[in-house]
Amino acid sequence: MVRQGAWAALAVVVLLVMVPALPALAQDAAREPAYRAFPLIGSRLAVWAVAQLHLNFAAFILGVPIFAVIIEIIGWRTGDARYDWLSHEFVKLTFAAFSTTALLGAFLLFLFVGYYPKFWTYMTSIFFPTYWVYALLFFAETFTVYVWYYGWDWLSGPRKGIHVALGVLSNLFGTAILLVANSWVTFMISPAGIDESGALKGSVWAAIYNFTWMPINIHRLIANIVFGGTIAAAYAAFRFLGAKTDEERARYDWMGYIGNFVALSAFIVLPFAGYYLGREIYAFNQTMGITMMGGFMSWLWIIQAILIGVLFMGSNYYLWLGMERIPGSERYRRYVPMMIGILAFGFMVWATPRSMVITLDEARAMGGTHHPVLGFLGVMSAKNTAVNMMILTTFVSFVLYRRANRISTKPWVGTGMVVQWAALGLAAAVVVFYGVYGYFVESLVRIGFSVYQVLAVLAAIVVVMAIDIPMFRGARSTGTIRWGTIAPRSQYVLILLAVTFTWLMGLMGFARSGIRQHWHVYGVMRDNSVDAATPAIGYAANMITTVTIVFFALVMFMFWLGGLSEKGKAGESGHAATPVFAGGSDSDPARPASTGESREGRSRAGGSEASSAGESRGGRSPLLP
């Protein structure tokens, strides 16, 4: 860990040294060629690969601490040592990626300065004040995260509040870093605050606060949480499959569930953030919006639909497999075939293209490029309806999982159930109504219907959870969750979800950059390099796949190192001590260890803390209010 920290610190020092030198480099660049060729693969591929790897690792180290500190707060307030251990495990994961992220960021900076000097000169003329802010924020986050991690035991007990505050502070620094970096990216898509010559007029804030800055801030923040959750769940799956004892399997089964729960919770609202970003791109420049959705990139969204369909199906399948370890869940399994049908039909609708890739003879036989039946499913009215129904179905799966081993004892449970199902039914009716009505109105009106569909779904989710939480508080338990007994194939689902979302992030990054076409900064600075043309989707897919493979090779190496460092240290290191999980045991619950106690002092024998967190509070699923 210390060696990794040294590398991260070195990268920060390099950035701080480079920043003052940037004006001089910019002046030299004016006398040098606008572009240089990177050996063998070319400059664009070099920047593409390093940037995507850097963003993948950055998304992980920015996303994981967000829910890690929330989990720590839950453990602090409830006194449940499992959550404190879990938060520590999540933060430990980020350390392996921290130095890698910093080194890749420094390498990316060198590529921009060396191989795209005039582009970097122009960006420096606009955003130079933010470079200092970015470097100082990175240094502050690094320092805070190190104190947060290494002070875990030192800041326990009565000082636990200080430790939690450090976790919150590190997330504030991380989010600020995200906002600064997004200003550079979004300026390239939707430049603002400049005159006709491209020079900055007034404050740099005008360039930062451009059309797409806030939508991408929201979209990336949510996506980082999803990404961090899927990678953390994949790590838990990796450890589950290699576990030697029932206790270890139970521990990492629970960790995988929490990671998937975090990812699924954020993933449900991620499409709404995507709608917001798409609307702002159209508002800035309709030509760019048409290129994105209806031009040469239109088939990219079919690939996206398939990937998101895999994420929805995989997340639901994992929840259904998880029900098998919950006593009492049998009463809900009859709903699974219906939910499979809705998800499968929504998947097919979403993946149906508007125009078919067919031969001339096939087009003549069909009467055009639009299929007489399936063509109606290729428009956005059908696709918006399909995705919203899939979101509602996924939410229902989660609700059924949440209450699988609980029976409410509230006298108003019947009324509450009726209101919940009525809210879900009304939301589904609103989604279907506006989906059908969209076929009979103009496109500008139809675009606005997606807002009503989104609001209906969000309102239903809020109403159902507002009733469900108090309705099942103090509920009667039908049995303890048997952690560690889930089918091993569920762990491969978690790994599949991580790989799929990583690939999806690369695809959406290509879409965001590709809509600029032959511009470095859209409409301001033209790309005159030999790589100015936007690559074909097949070429991009091969590149994204290659980078994804490299990323997971590095991640798997880090997972292996994480497991290797723990061998032979159980009971010797405070950080290696972990709370006991019951697995399939139905033993009486023991009092959970306080998160204020030293990690060395936690008992590894006796009763089950997993049971105490479940049975004593009505068999409640973890991490839920």
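The values are calculated or read from the model by the stated rules, or taken from the named source; none is laboratory data. Keep in mind the model is a prediction, meaning the values are calculated, not measured. Note that we place each Cβ from the backbone using ideal geometry, even for glycine, and neighbour counts take in every protein chain shown. Quick note on the areas: whole protein, heavy atoms, side chains included, nothing else; ligands and nucleic acids left out. Shrake-Rupley method; radii C 1.70, N 1.55, O 1.52, S 1.80 Å.
Could you check how many residues of the range 72-106 are of a type in the set (Val, Ile, Thr) and more than 20 Å from the chain's Cα centre (by Cα)?
Looking only at that region, the number is 3.
Could you count how many residues in the range 101-122 are assigned to a helix (DSSP H, G or I) and either open to solvent by less than 30 Å² (accessible area, probe 1.4 Å) or in contact with a Leu (Cβ under 7 Å, 6 or more places away or on another chain) (or both)?
Qualifying residue count, the range 101-122: 12.
Name the residue, out of 208, 194, 189, 222, that is open to solvent by 10 Å² or more (accessible area, probe 1.4 Å), in contact (Cβ under 8 Å) with a residue 24 or more places away in the chain and within 29 Å of residue 310 (Cβ to Cβ).
Exactly one of 208, 194, 189, 222 is open to solvent by 10 Å² or more (accessible area, probe 1.4 Å), in contact (Cβ under 8 Å) with a residue 24 or more places away in the chain and within 29 Å of residue 310 (Cβ to Cβ), namely 222.
Can you find even one residue in the range 209-223 that is part of a loop (DSSP other than H, G, I, E, B), hydrophobic (A, V, I, L, M, F, W, C) and either modelled with pLDDT of 90 or more or out of contact with any helix residue (DSSP H, G or I) (no Cβ under 6 Å at 6 or more places or on another chain) (or both)?
yes
Examine the range 157-166 for a residue that is surrounded by 20 or more Cβ atoms within 10 Å (Cβ to Cβ) and within 17 Å of residue 224 (Cβ to Cβ), and state whether such a residue exists.
no
Among the residues that make up the range 235-244, is at least one of them farther than 30 Å from residue 313 by Cβ, open to solvent by less than 40 Å² (accessible area, probe 1.4 Å) and touching a helix residue (DSSP H, G or I) at 6+ places or on another chain (Cβ under 9 Å)?
So far as the range 235-244 goes, no, none of its residues is farther than 30 Å from residue 313 by Cβ, open to solvent by less than 40 Å² (accessible area, probe 1.4 Å) and touching a helix residue (DSSP H, G or I) at 6+ places or on another chain (Cβ under 9 Å).
In the range 76-92, what residues are within 30 Å of residue 181 (Cα to Cα) and either open to solvent by 20 Å² or more (accessible area, probe 1.4 Å) or outside any helix (DSSP H, G or I) (or both)?
The answer is 92, and nothing else.
Take the conditions touching a Ser or Thr at 6+ places or on another chain (Cβ under 8 Å), more than 23 Å from residue 59 (Cα to Cα) and in a helix (DSSP H, G or I) and apply them to residue 251. Does it pass?
So residue 251 fits the description; yes.
A quick yes/no check of all residues on (1) surrounded by fewer than 21 Cβ atoms within 10 Å (Cβ to Cβ); (2) assigned to a helix (DSSP H, G or I); (3) in contact (Cβ under 8 Å) with a residue 60 or more places away in the chain:
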{"position": "463", "(1), (2), (3)": "yes, yes, no"}
{"position": "485", "(1), (2), (3)": "yes, no, yes"}
{"position": "491", "(1), (2), (3)": "no, yes, yes"}
{"position": "494", "(1), (2), (3)": "no, yes, yes"}
{"position": "506", "(1), (2), (3)": "no, yes, yes"}
{"position": "512", "(1), (2), (3)": "yes, yes, yes"}
{"position": "520", "(1), (2), (3)": "yes, no, yes"}
{"position": "529", "(1), (2), (3)": "yes, no, yes"}
{"position": "533", "(1), (2), (3)": "yes, no, no"}
